[in-house]
Structures are given as structure tokens and as C-alpha cells.
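Student: What follows is a structure written as C-alpha cells; I'll ask about it next.
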Amino acid sequence: SPGGFGKAVYIDHPNGYTSVYAHCEWFSEAIDKLITELQYKNKSFAIDQSFQAGTIPVKRGELIAYSGNSGSSGGPHLHFEIRETRGQRPINPHFFDLPIRDEVAPVIEGIRIYPLDDNSTINGKNEPLYIPAVYYGGRYHLEGKPEISAGGIIGVGVQVIDYSSESWRRCGIYSIQLMVDNKMWFRSQMDGFFFHDTRYINSHIDYAFKQQTKKTVQKSFIDINNKLQLYTSTPGRGQITMLPQHKHSLEYEIADAAGNISKLSFSIRGQERQSKPAVSAAPQVLKIDPASPYFVSMDNFKVRFPENAFYSEVAAMFELLPNEGLGIGSYFKVLNEDVPVHHFFDITIPIPEEAIGMKGLTGAKVAKGKLSYAGGVVSNGNMQIRSRETGTFCLTSDTIPPSLRLLNIPPGRNYTGRDRITIEIKDDFSGIDEYYCTINGQWMLFEHDPKNNALNGYFKNLRIERGKKHLLELKVSDKLGNKASLSTEFVY
């Protein structure tokens, strides 16, 4: 695949598990030959092929692939998973005694405390409070030993990361346990997960805080529409009711898969729940019920959310805004950008009279003075956009075709002794949709590497005669149908 796992191998083992090896550079010779045959048969670099048991038997210690940087990878590495073959549920690979030395306990970086309704407060304010953590005396403490008071219903979250002994890479933790007055109040445990649940991670973390600060806080309370199956021993979904004159002692115990543990203790003093918060973070606005569908129409600009689109109540902030010099027509603000949405929702933007029939018309998102592609289909004088991202939307047009350029051209275009032909293939808006490459009129296998804007034809995979002149022809289109082509002769 050009994106995702790139070149990946899945091995089904007799014990009911499947091991996964992703972002590979090459497969072994036997596997590579089989895959190349399938690619030529389908005339496609991207394939997803399963084989019957016994078709490609492998043994312990056998070379199956080389680690690399294919697909949506940020640098050369091996992405390794162990899954239950039945259902393909990934499980924690540390359960299999991998040779990874880990004597480093999780690092607690801070906590965040949340008022969970409009009349709850943290230190007199109806807004979350973040407090950094520091380490001394063999455990973690809140920086400055602050006095914390709260009234009403609150929740807490923790920012924590882990390392292993021989790597600087940041890792996830295994379990988070929160005790309130020596009673188990919340526990999450990463034994495994289901792929259909992965988007719920946007509810497990403080999504808005991450968008705003890049800090990842894992919440120790469970939103009403969070269906992750990581939680145990969580009475009242982890919510804490703060009553006047009551002081609660809280302790986090956080463990990694090797059993290293870090602890953080703090206390919160109860105060009166206020009918009107002392300080309001925002004006009172209508709230969207997360369980119900929701529809808004403003001057023929419309948005429709399905039921269970949100994880908790969301402020219904929709607005028509004047054009700021980008795109076509008015802007439609659909909630704040830091609101996570679980399901796709539909946006309708009416097409202005002057834009009807315009070539390359499409939907776009407006953010930080730039437009990004949002797609869409023209229907009955409207642009219909499906999205899972909130923010500000408008119309734009794109008629600029992809740009193509031959890279690393040898003298006389003689590639003898070279391992590949590389073509730069870029589209600055909607992105590359399709490409078709031939040599001497026959389809040839070229590998698309979108992160590097490259199309690579490796000579070991090109079915051409050696020692002759060849004609390469490439046709490319973007997602809006803009087309480009390149033709060149070369010797190999």
C-alpha cells in the first residue's frame, strides 16, 4: 500500500495468533516474486492478498522481509504486532516475553482536573485546571503542592509516558489506576483492543487539550459514548462528586508492561456547588445530546450529524462567516476544530450562481489562513461534503494538474548500473488519485511513495530487455480529475 502499513506481512501461527510485520522495505525473494506476479496480474502496485494455509510456509529463523520505511511511516523501523487470528484483535506483545529490557518506571508529567457540568468548579472556575508533576523522594508530587478545591461533579486525567531501558522512544503505559479515599475508582488496562474501537481513543484522551497544547492527557473518567473495552473497576464512570467540607485523597498508580510502577498522590477539598459558576469559560450555548441525531440549517447551509456522533455533550456552535479572501462564497463554521466526532457527518454548502458549472469545484476546510481539500459531490446546486473533522468549510476550485519531474537523471539517460528510475509526482491540493505507467506500451510496476512525492520503478521488477532504448510514459490524475503526463526515453 502507498500509505498505511506500506509493505506488510501477516503470518498465521498454529497456536491461534497472527504476527504482523509492517513498513518493510523488501520481502524475501520467494515472497517478493509471488507478490510481483500478483501486481502485474492486477496492474496495480497496491494489493491486499490473503493466501490459504500452507501456500507460503515459514519456519522459525527464516528471513521473510527487511525492515524499512514504506507506507505512512515517519522513519525506518519495524512495526510489529501480535493478533488473535480469529477476529484479528491486536494484543499486548509484551505478554510474549520479548527480549526488551525495561527497568524504567512511567514518567508522570502532570494532571488535569475537569468540571463535568456547567455548575461545577475547580478553584472557583468552571474550566479545567492543569498542574505539572515533579519527582522527588521516590515518588511524584504536584508542582508547588497547590491547594485544590472543587465543587459539584468533577473528573481527573493524567499525562504520563513510558520508556524502556535501552531506547529514547516514548512508549505507552500498561495500566492506570486511580484510588479515591483508598477505594478503586478507575482502572484502564491495555491487554488488547478491537480495530472497530480505535477511534474511541479520541474520547479516552483530552482531545481538545491535545489539539491546543500537544500534551496527551488520559482521562480517568469515561464519557457516556466511549465504548472502549479497556476499563475495569470504574464505579460511576470515574466521576467524583465533591461535597462541602469533604476532603478527598487521590492516588494514581501507573504501571508499564514490565511491572515498573509510578505513584502520584494529591488531595481535593470540597466546596459548595454553585448555581452560577464564579467564572464561566464561555457564554451559555445550546448543548448537543451525544446520543441523538442533530440537524442545523442556516440560509441553506446545512449540517446533519447521525446519532452517537459525539462522546459527550457538545456546545452547538455554528456560524456563517464572511469570506476572508480564500475560496468561494461564505464560510460555514461547524463547531470548534477541537471537537472530536466519531462518525461521518454531512455538510451542505449552496453553490453561488457565479460558481455553478465551475471546473474543479470542491469543498475545502479553512484553517490558519490556508485551504485544505475536503472533497464533496455536486448535487442539486449544492456541494455535499462528508467529513469526520469539525471546523470551518467553504468552496474552492482546483484546475491545476499534478506536477511530474524525472529525478536523478544519469548522463545520456543511461540507467545501466542504477537500481531504479525515480519520478517526482506531486499535487498541491486534492492529492494523487491514479497513475498508470508503461514502458514500450506495456504496464510496468512503479511504487508510489506519497510521503516523499516519489514514484519508483525498480529495475529488478521492470520487465524490459537489457541493453536497449526504452520509452517510458506516465499518466497521472488528481482527485478532481486534473491530468498530467510525462514521456521520456532511457537506456538500460
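The values are calculated or read from the model by the stated rules, or taken from the named source; none is laboratory data. On a predicted model such as this, the values are computed, not experimentally measured, just so you know. Using ideal geometry, Cβ is built from the backbone for each residue, glycine included, and neighbour counts are taken over all protein chains shown.
Student: In segment 42-65, what count of residues is obtained for those that are loosely packed, with under 14 Cβ neighbours inside 10 Å and either closer than 24 Å to ASP449 by Cα or aliphatic (A, V, I, L, M) (or both)?
Tutor: Here is the first cut: in segment 42-65, the residues loosely packed, with under 14 Cβ neighbours inside 10 Å are 42-44, 46-55, 57, 59-63.
After this cut, where a residue has to be either closer than 24 Å to ASP449 by Cα or aliphatic (A, V, I, L, M) (or both) as well, the list is 42-44, 46-50, 53, 63.
Here the count works out to 10.
Student: Determine whether GLU389 is acidic (Asp, Glu), at pLDDT 95 or above and not in a strand (DSSP E or B). Break it down into steps so the answer makes sense when it comes.
Tutor: Values: acidic (Asp, Glu): yes; at pLDDT 95 or above: yes; not in a strand (DSSP E or B): yes.
Judged against the criteria, GLU389 is a match.
Student: Could you grab the pairs with beta carbons closer than 8 Å, sequence gap of 6+ or different chains, first residue in segment 238-265 and on the phi > 0 side of the Ramachandran plot, second one among the basic types (Lys, Arg)?
Tutor: Going by the 8 Å Cβ cut-off, the qualifying pairs are GLY238/LYS219.
Student: Testing ARG237 on (1) part of a strand (DSSP E or B); (2) in contact with a Phe, Trp or Tyr (Cβ under 7 Å, 6 or more places away or on another chain), one condition comes back false. Which one is that?
Tutor: With respect to (1) part of a strand (DSSP E or B); (2) in contact with a Phe, Trp or Tyr (Cβ under 7 Å, 6 or more places away or on another chain), ARG237 is out only on (1).
Student: Given the residues LEU472, LEU462, LEU480, which is the only one that is buried (at least 18 other Cβ atoms within 10 Å of the Cβ) and either without any contact (Cβ under 8 Å) to a residue 12 or more places away in the chain or touching a Cys at 6+ places or on another chain (Cβ under 9 Å) (or both)?
Tutor: Details: LEU462 fails: either without any contact (Cβ under 8 Å) to a residue 12 or more places away in the chain or touching a Cys at 6+ places or on another chain (Cβ under 9 Å) (or both); LEU480 fails: either without any contact (Cβ under 8 Å) to a residue 12 or more places away in the chain or touching a Cys at 6+ places or on another chain (Cβ under 9 Å) (or both).
Result: LEU472 is the single residue among LEU472, LEU462, LEU480 that is buried (at least 18 other Cβ atoms within 10 Å of the Cβ) and either without any contact (Cβ under 8 Å) to a residue 12 or more places away in the chain or touching a Cys at 6+ places or on another chain (Cβ under 9 Å) (or both).
Student: List the residue pairs whose Cβ atoms are under 7 Å apart, where the first residue sits in segment 91-117 and is under 30 Å from LEU250 (Cα atoms), the second is at pLDDT below 95 and exposed (fewer than 13 other Cβ atoms within 10 Å of the Cβ), and the two are 6 or more positions apart or on different chains.
Tutor: The qualifying pairs are ASP102/SER165; GLU103/SER165; VAL104/SER165.
Student: Answer yes if at least one residue in segment 50-59 is out of contact with any His (no Cβ under 7 Å at 6 or more places or on another chain), part of a loop (DSSP other than H, G, I, E, B) and under 15 Å from ASN69 (Cα atoms), and no otherwise. Break it down into steps so the answer makes sense when it comes.
Tutor: To start, the set of residues in segment 50-59 that are out of contact with any His (no Cβ under 7 Å at 6 or more places or on another chain) comprises 50-59.
Checking which are part of a loop (DSSP other than H, G, I, E, B) leaves us with 50-59.
Checking the rest, the ones that are also under 15 Å from ASN69 (Cα atoms) come to none.
Looking for residues that are out of contact with any His (no Cβ under 7 Å at 6 or more places or on another chain), part of a loop (DSSP other than H, G, I, E, B) and under 15 Å from ASN69 (Cα atoms), one finds none in segment 50-59, hence no.
Student: Within segment 430-441, can one find any residue that is closer than 17 Å to LYS33 by Cα, surrounded by fewer than 19 Cβ atoms within 10 Å (Cβ to Cβ) and not β-branched (Val, Ile, Thr)? Give the steps one after another, and end with the answer.
Tutor: Step one: filter segment 430-441 for residues closer than 17 Å to LYS33 by Cα, giving none.
No, segment 430-441 contains no residue that is closer than 17 Å to LYS33 by Cα, surrounded by fewer than 19 Cβ atoms within 10 Å (Cβ to Cβ) and not β-branched (Val, Ile, Thr).
Student: Hey, another quick one. From the list ASP256, ASP299, ASP289, pick out the single residue that is out of contact with any strand residue (DSSP E or B) (no Cβ under 8 Å at 6 or more places or on another chain), modelled with pLDDT of 95 or more and either among the acidic types (Asp, Glu) or under 16 Å from GLU313 (Cβ atoms) (or both).
Tutor: On the way: ASP256 fails: out of contact with any strand residue (DSSP E or B) (no Cβ under 8 Å at 6 or more places or on another chain); ASP299 fails: out of contact with any strand residue (DSSP E or B) (no Cβ under 8 Å at 6 or more places or on another chain).
None of the others qualify; the one that does is ASP289.
Student: Within segment 146-168, work out how many residues are loosely packed, with under 14 Cβ neighbours inside 10 Å and either among the small types (Gly, Ala, Ser) or modelled with pLDDT under 95 (or both).
Tutor: 4
Student: Condition test on SER330, is it of a type in the set (S, T, N, Q), in contact (Cβ under 8 Å) with a residue 60 or more places away in the chain and part of a strand (DSSP E or B)?
Tutor: On the way: of a type in the set (S, T, N, Q): yes; in contact (Cβ under 8 Å) with a residue 60 or more places away in the chain: yes; part of a strand (DSSP E or B): yes.
Considered against the rule, which asks whether it is of a type in the set (S, T, N, Q), in contact (Cβ under 8 Å) with a residue 60 or more places away in the chain and part of a strand (DSSP E or B), SER330 comes out as yes.
Student: Here's a follow-up. Could you identify the single residue in PRO322, PRO352, PRO410 that is assigned by TED's automatic domain parsing to the domain that holds GLY431, more than 25 Å from GLU434 (Cβ to Cβ) and either of a type outside the set (A, V, I, L, M) or over 26 Å from the mean Cα position of the chain (by Cα) (or both)? Break it down into steps so the answer makes sense when it comes.
Tutor: Numbers: PRO322 fails: assigned by TED's automatic domain parsing to the domain that holds GLY431; PRO352 fails: assigned by TED's automatic domain parsing to the domain that holds GLY431.
Going through PRO322, PRO352, PRO410 in turn, the sole match is PRO410.
Student: Here's something else I'd like to know. So CYS171 passes all but one of these: (1) closer than 30 Å to GLU272 by Cα; (2) touching an Asp or Glu at 6+ places or on another chain (Cβ under 8 Å); (3) in contact (Cβ under 8 Å) with a residue 40 or more places away in the chain; (4) not polar (S, T, N, Q). Which condition number does it fail?
Tutor: It is condition (1) that CYS171 fails.
Student: Identify, please: which residue in segment 64-107 is in contact with a strand residue (DSSP E or B) (Cβ under 9 Å, 6 or more places away or on another chain) and charged (D, E, K, R) and is, among those, nearest to PRO2 (Cα to Cα)?
Tutor: GLU81
Student: Can you name the condition, by its number, that SER262 falls short on among (1) surrounded by 13 or more Cβ atoms within 10 Å (Cβ to Cβ); (2) out of contact with any Lys or Arg (no Cβ under 7 Å at 6 or more places or on another chain); (3) modelled with pLDDT under 95?
Tutor: (3)
Student: A further question on this structure: Hey, does segment 361-377 have a residue that's under 22 Å from the mean Cα position of the chain (by Cα), more than 27 Å from PRO402 (Cα to Cα) and exposed (fewer than 13 other Cβ atoms within 10 Å of the Cβ)? I'd like the intermediate steps shown before the answer.
Tutor: First, pick out the residues of segment 361-377 that are under 22 Å from the mean Cα position of the chain (by Cα): 363-368, 370-376.
In the following step, the residues that additionally are more than 27 Å from PRO402 (Cα to Cα) were identified as none.
Scanning segment 361-377, I find no residue that is under 22 Å from the mean Cα position of the chain (by Cα), more than 27 Å from PRO402 (Cα to Cα) and exposed (fewer than 13 other Cβ atoms within 10 Å of the Cβ), so the answer is no.
Student: Collect the residues in segment 178-201 that are among the acidic types (Asp, Glu) and within 30 Å of HIS343 (Cα to Cα), keeping them in residue-number order.
Tutor: Here is the first cut: in segment 178-201, the ones among the acidic types (Asp, Glu) are 181, 191, 197.
Across segment 178-201, the qualifying residues are ASP191, ASP197.
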